[in-house]
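J.: My questions will all concern the structure given below.
The values are calculated or read from the model by the stated rules, or taken from the named source; none is laboratory data. Quantities reported herein were computed from a predicted structural model and do not represent experimental measurements. Glycine gets a Cβ as well: all are built from the backbone with ideal geometry, and neighbour counts include every protein chain shown. Accessible surface is based on the protein model in full, side chains and every heavy atom, while ligands, DNA and RNA are left aside. Shrake-Rupley method; radii C 1.70, N 1.55, O 1.52, S 1.80 Å.
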Amino acid sequence: MTALPQERKLVTAIPGPKSQELSARKSAAVADGVGVTLPVYITRAGGGVVEDVDGNRLIDFGSGIAVTSVGNSAEAVVRRAGAQLADFTHTCFMVTPYEGYVEVAEALNELTPGDHAKKTALFNSGAEAVENAVKIARSYTKRPAVVVFDHGYHGRTNLTMALTAKNMPYKEGFGPFAPEVYRVPLAYGFRWLTGPENAAEEAAAQAIDMITKQIGAEHVAAIVIEPIAGEGGFIEPAKGFLPRIAQFAKDNGIVFVADEIQTGFCRTGQWFACEDEGIVPDLITTAKGIAGGLPLAAVTGRAEIMDAAHAGGLGGTYGGNPVACAAALGAIETMKEQDLPAKARRIGEIMTARLTALQEKYPAVGEVRGRGAMIAVELVEPGTTTPDAALTGAVARACHAAGLVVLTCGTYGNVLRFLPPLVIGEDLLNEGLDIIEAAFAGV
Ligand code: PLZ
């Protein structure tokens, strides 16, 4: 098959007639609860482009929600996963194991922060990894409680819905939720009432006060936090907040879990986002970017914590599927060979410069934030912090119509987020930014 041309090309309206036909079939056949952001049906994707059934080529600033960092069909991923498919698709690692799983575990133990002895267990999805991190932390500490943060997102299973902050659409009508989950403030600088300069100090003090007074630190098994809150709005906690929380966990025998499912694997310009402030988590959850688009997730961490669960206590039929493991080894190979942390930093420089210029022109852009190739703009009523979700939706729709895949996020639905594949060409990146500028001018 010929390589997918790395250029935007619109030959119909977005979505085109064939996509609309498929949307009608989707409506008839797929549960309504499964929503779609941009109903163009994809036939091929790679680099920074997705091609649809009508022959349109769109620029991709979404990466399937931070997954296809190495592209949607990276050479090493296709080569390794293809070879594995031909050899065998499954045996179940818990029945008759295979080397690929062990190799992925070894790679994760080496790549994640900290030079202590580490171990890994593999799963299918991010939510499953988070659930297992909690199981492991409870097993190690023999304590029940789990502390999470405002604006946090950790998944859609019962426990991870409980860990997730936002009700609609994730939790509405789906309770009751798992008990022993406690939510504390996050240092969200842009929205911190006494000003961003006080956010780290005050949010950490409030969080620690709530933990000690309302739960009792000695009852807390784990503190689970995204180093940059993803679905919650690309909120980078004010500097100093994460180290204070991590230190508090350490002082109180609480397992500090960094949920790097969205931020991990080079996305923020480092292999893992918690490296930015030198945080060494006890456990780290990964998924998304780990395997170039195949479903794989992991919990990696201190060997003595990871080994706390009894033999047979962790697992699952498909966890660490051999094809997904081969894909992960291909993705990691690509990240190293193409120095994707550096690519992410370069993307961040270009995007931040251009979006900051946009902010000067449009006072609705309240803040430009994020790191590396995880960048967002928060839209507000000019001069206030009142969220403008309607404008956010309108800008996103204008981008879609012009052939750019963008996503929104945020507790208030007023954040436009950009997650281009790290392998995107700079010309496509700049063309995508041109479309965003034109969308602002148009709405
Ligand atoms: N933790 C930090 O970002 C997944 C969710 C998309 P799964 N984020 C995308 C949606 O609307 O369902 C995510 C995450 C963080 C956990 C998860 C959950 O990962 O692989 O979707 O289960």
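J.: Taking amide hydrogens as modeled 1.01 Å from N in the peptide plane, which residues meet the under 5 Å criterion relative to VAL423, leaving out close sequence neighbours?
T.: Answer set, sorted by chain and number: GLY71.
J.: So what J values fall out for the stretch 75-87 if you push phi through Karplus, 6.51 cos²θ - 1.76 cosθ + 1.60 with θ = phi - 60°, rounded to Hz, Gly and Pro as x?
T.: Listing the rounded values in order: 3, 5, 5, 5, 4, 6, 5, x, 4, 5, 4, 5, 7 Hz.
J.: Enumerate the amide H contacts of GLY47 below 5 Å, restricted to partners 5 or more residues apart or on another chain; note that Pro and chain-start residues carry no placed amide H.
T.: Answer set, sorted by chain and number: ASN72, SER73.
J.: Stretched out fully, how many nm does the piece from GLU197 to ALA3 gain, at 0.36 nm a residue minus the Cα gap?
T.: 65.0 nm
J.: Then there is this: Where in the stretch 1-96 are there chymotrypsin sites (Phe, Trp or Tyr not before Pro) that are in a DSSP coil and have at most 13 other Cβ atoms within 10 angstrom of their Cβ?
T.: PHE88
J.: Cα atoms only, the chain: Rg and Dmax in Å?
T.: Calculated on Cα positions, Rg and Dmax stand at 21.4, 62 Å.
J.: Between ASN430 and ASP251, what is the spin-label point distance in nm, taking each point 7 Å from the Cα along the Cα→C-beta axis?
T.: 5.0
J.: Between MET94 and ALA342, how many nm apart are label points set 7 Å from Cα along the C-beta direction?
T.: So the label points at MET94 and ALA342 sit 4.3 nm apart.
J.: How big is the stretch 75-337 by the Kirkwood estimate over distinct Cα pairs, in Å?
T.: In the stretch 75-337 this quantity evaluates to 18.6 Å.
J.: How large is the charge dipole for the stretch 229-270, taken about the Cα centre, if only the Cβ atoms of Lys, Arg (+1) and Asp, Glu (-1) carry charge, to the nearest 20 debye?
T.: So the dipole magnitude of the stretch 229-270 works out to roughly 160 debye.
J.: What's the carbon and sulfur percent of the stretch 75-337's accessible surface, probe 1.4 angstrom, rounded to a whole number?
T.: It is 54 percent, rounded to a whole number.
J.: Rounded to two decimals, what ratio of Rg to Rh does the stretch 282-358 give with C-alpha atoms and a Kirkwood Rh?
T.: 1.14
J.: Separate question: Which pairs break 21 Å Cα to Cα here: LYS142/LYS288; LYS288/LYS336; LYS142/LYS250?
T.: Violating the 21 Å Cα-Cα cut-off are LYS142/LYS288.
J.: Also: Would you work out which of ASN72, LEU193, GLY278 lies farthest towards the positive end of the dipole of the chain? Charges go on Cβ: Lys and Arg +1, Asp and Glu -1.
T.: ASN72
J.: Cut-off under 17 Å on the C-alpha distance; same-chain residues fewer than 8 positions from LYS239 excluded. Which aspartates and glutamates are left, in chain and number order?
T.: ASP150, GLU197, GLU201, GLU202, GLU226, GLU275, ASP276, GLU277, GLU367
J.: A further question on this structure: Test of understanding: extend the Cα→C-beta vector of VAL11 to 7 Å, then name every residue of the stretch 36-60 with backbone N under 17 Å from that spot.
T.: Of the residues in the stretch 36-60, 40-46, 49-59 have backbone N under 17 Å from the label point off VAL11.
J.: Can you give the accessible area per residue of the chain, in Å², using a 1.4 Å probe?
T.: Per-residue accessible area for the chain comes out at 40 Å².
J.: Leaving out same-chain residues fewer than 8 places away, which aspartates and glutamates sit with a Cα under 19 Å from that of LYS9?
T.: The reachable aspartates and glutamates, counting only those whose Cα sits under 19 Å from LYS9, are GLU51, ASP52, ASP54, ASP60, GLU426, ASP427, GLU431, ASP434, GLU437.
J.: Pick from VAL323, VAL53, VAL220: which residue has the top mean-square fluctuation in a GNM of the chain where Cα pairs under 10 Å get a spring?
T.: Highest fluctuation of the listed residues: VAL53.
J.: Also, quick follow-up: Can you tally the net charge around GLY33? Count Lys and Arg as +1, Asp and Glu as -1, for every other residue whose Cβ sits under 14 Å from the Cβ of GLY33.
T.: Net local charge, GLY33 excluded: +1.
J.: Here is a follow-up. Ordered by residue, what ³J(HN,Hα) values in Hz, to whole numbers, does the stretch 343-360 give under the Karplus form 6.51 cos²θ - 1.76 cosθ + 1.60, where θ = phi - 60° and Gly and Pro are x?
T.: 4, 5, 5, 4, 4, x, 4, 5, 5, 4, 4, 6, 6, 5, 4, 4, 4, 5
J.: Can I ask one more? Report the FRET efficiency, 1/(1 + (r/R0)^6), for ASP307 and GLU277, where r is their Cβ-Cβ distance and R0 is 35 Å, rounded to 0.05.
T.: For R0 = 35 Å, the calculated efficiency reads 0.80.
J.: I'd like the GluC sites (Glu not before Pro) in the stretch 157-207 restricted to DSSP loop residues with at most 14 other Cβ atoms within 10 Å, sorted by number.
T.: Within the stretch 157-207, the qualifying GluC sites (Glu not before Pro) (loop, at most 14 other Cβ atoms within 10 Å) are GLU172.
J.: Then there's this: How far apart, in nm, are the 7 Å Cα→Cβ label points at ASP115 and GLN359?
T.: Going by the 7 Å Cα→Cβ label model, 3.7 nm.
J.: May I pose another question? Let me see the pair-distance distribution of the stretch 122-234: every alpha carbon pair, 10 Å bin width, integer percents in order.
T.: Cα pair-distance distribution for the stretch 122-234, in percent: 14, 43, 34, 9, 0.
J.: Hand me the trypsin sites (Lys or Arg not before Pro) from the stretch 85-152 located in a DSSP loop with no more than 10 other Cβ atoms within 10 Å, in residue order please.
T.: Listed in order of number, the matching sites are LYS142.
J.: Figure the gain on full extension for LYS26 and TYR182 (residue separation times 0.36 nm, minus the Cα-Cα span) and round it to one decimal in nm.
T.: Residue separation times 0.36 nm, minus the Cα-Cα distance, leaves 52.4 nm.
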